Amino acid sequence: MAKPAAVQHVCTECGTSSARFFGRCPGCGEFGTMVAEAPPPRRGRPAQPEETSRIPTGVPELDRVLGGGLVPASLVLVGGEPGVGKSTLLLSALGAISQDRRALLVTGEESVAQVKLRAARLGGCDAVEILAETELDAVCATLESERPAVCVIDSVQTLWSQEVGSAPGSVSQVREAAARLLRVSKESGVATFLVGHVTKDGSVAGPRVLEHLVDCVLQFEGDRYHAHRILRAVKNRFGSTNELGVFEMTGAGLVGVPDPSEVFGRTHGGEVGAAVTCTLEGTRPLLLEIQSLVAPTDLAMPRRVGTGVDPKRLAMIVAVLSRHAGLPLGAADVFVNVAGGVRIDEPGADLGIALAIASAAKGVPVREGLAAFGEIGLTGRLRPATQTDRRLEECRKFGCGVVLGPETETLRKALAAALSESPN
Ligand code: TYD
Ligand code: MG
């Protein structure tokens, strides 16, 4: 006789599952997030899709992040906070796709009338088919019978299946929905976007488990109160993961920003604590303004707070500045901010970050029209950043007169050359 399936305890924050109940999740350490759920029915994993001819989405920035268009029959998760523009972005894409192919929007969050209102605002979406449905079986049956080339599920958290005994939005429901849609999309050849809400810590809500299932995970970031939005691939089975797309939210939807350096790479001349660096995001060099504030502190452990920079990298740069460039940062809080909500993942921006901090600490502005890039080593020696030529070209294109990095030997020398009040 088959053993009855045991109840699983699943964390609603991170998806960790365990046969035992824990008051504190062993996966993410949150308290009171484990809930009992019946295990989902087991299913085999379908074969991977072939990367045949990609479907252009009509949104060049989205195509870039996907790695050159949408792979047919792939499953793409688009995560982002409410209001960031997920529905807007995907409806524009469906509009463009529907010119040549069948495009279906499954909406569980908004009524057909609401979607049509947005479609009217965006324009060009008349051929998009709209289905207001939250029942998973019905959605899958529609996909199997209609077989659109591209489908958007907005959002995966609204789907529910009777087979799973928990509430919509719970980990098992979302996992079941994603697993079923994965199967249907591969078998029926439907490229599917799943919209997923993210929690305040930035992960796709509950189902971090989804990230293993899907082919691509795109993160849509940015402040809903600011116009610029960043789309990046966190996972991509069909392309690079560090490609970046930049959009501006306007009255008529999201508009791609083809030259983000123009927007993010400008400093106000003479401002203390600001420096421009050139990073490489995927294949794209990008000028970015880095801002820093250095303030005296009474704390035994001074703060090192970075927005858009890796905390370990920031701690390392502060330590090298103290040790090898003679900056007394031991009794100071250091804050660093990257323009436009961009996150820097590569060491080539080290020198720019160090310059902003040094400028703030000394109260001296960085020389005007200067951009800096290069990796800082623990010894205070600078190493050239990867693909120096492409970065140099971008700096020149945007009129940065002096570029520090490729030829500078040490951090100390770089600081002397970059701060307008040079020590010698
Ligand atoms: P939306 O796509 O609904 O966000 P999400 O699906 O991620 O929750 O869009 C959110 C915001 O964008 C909303 O506050 C209104 C604004 N918006 C514009 O500014 N211009 C537009 O053309 C559209 C459609 C939306
Ligand atoms: Mg939405």
Over all distinct alpha-carbon pairs, what is the Kirkwood Rh of the stretch 296-351 in angstrom? 11.9 Å
Around Thr410, which amide H atoms from residues at least 5 apart in sequence, or from another chain, sit under 5 Å from its own amide H, with H modelled in the peptide plane? Leu382
Taking 8 Å as the Cα distance limit and 6 or more residues as the minimum spacing, I'd like the relative contact order of the chain as a percentage. 13 percent
Partnerless Cys - the chain, beta-carbon criterion under 4.7 Å: Cys125, Cys140, Cys151, Cys216, Cys278
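Could you order the peptides 163-176, 64-77, 123-136 from most to least packed, using the average number of other C-beta atoms within 10 Å per residue? List each step's numbers first, then the result.
Working: 163-176: 20.2, 64-77: 23.4, 123-136: 16.9.
With the highest mean Cβ count within 10 Å placed first, the list reads 64-77, 163-176, 123-136.
Report, please, the projected area of the stretch 287-424 averaged over directions, based on the convex hull of its C-alpha atoms, in nm². Spell out each step's value before the answer.
Values: hull surface 31.1 nm².
So the Cα hull casts an average projection of 7.8 nm².
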For Val305, residues with placed amide H under 5 Å, excluding near neighbours: Val334, Phe335, Val336
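I want to verify the translational diffusion coefficient of the chain in µm²/s; compute it with Stokes-Einstein, Rh as the Kirkwood radius over Cα pairs, at 25 °C and 0.890 mPa s. Let's see the in-between values first.
On the way: Rh = 23.5 Å.
Answer, rounded: 105 µm²/s.
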Proximal lysine pairs in the chain, meaning Cα under 27 Å and 8 or more positions apart or interchain, come to 12
Under unit Cβ charges (Lys, Arg +1; Asp, Glu -1), what dipole magnitude, rounded to 20 debye, does the stretch 271-387 have relative to its Cα centre? 280 debye
At most 15 other C-beta atoms within 10 Å and a DSSP loop state: those are the exposed chymotrypsin sites (Phe, Trp or Tyr not before Pro) I care about. Give me the longest piece of the chain that has none. 23-224
Quarter of the Cα convex hull surface for the stretch 251-353, i.e. its orientation-mean projected area (nm²): 8.2 nm²
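Helix-only estimate, please: 222 nm mean residue ellipticity of the chain, summing -39500 (n - 2.57) across DSSP H runs of length 4 or more and dividing by its residues, to the nearest 500. List each step's numbers first, then the result.
On the way: 11 runs with 113 residues, N = 424.
It lands at -8000 deg cm²/dmol.
Here, each number is a calculation from the coordinates, and none is a lab measurement. Computed from a predicted model, the values in this text were never measured in an experiment. When we count neighbours, we look across all protein chains shown, and the Cβ atoms used for this are built from the backbone with ideal geometry, even at glycine.
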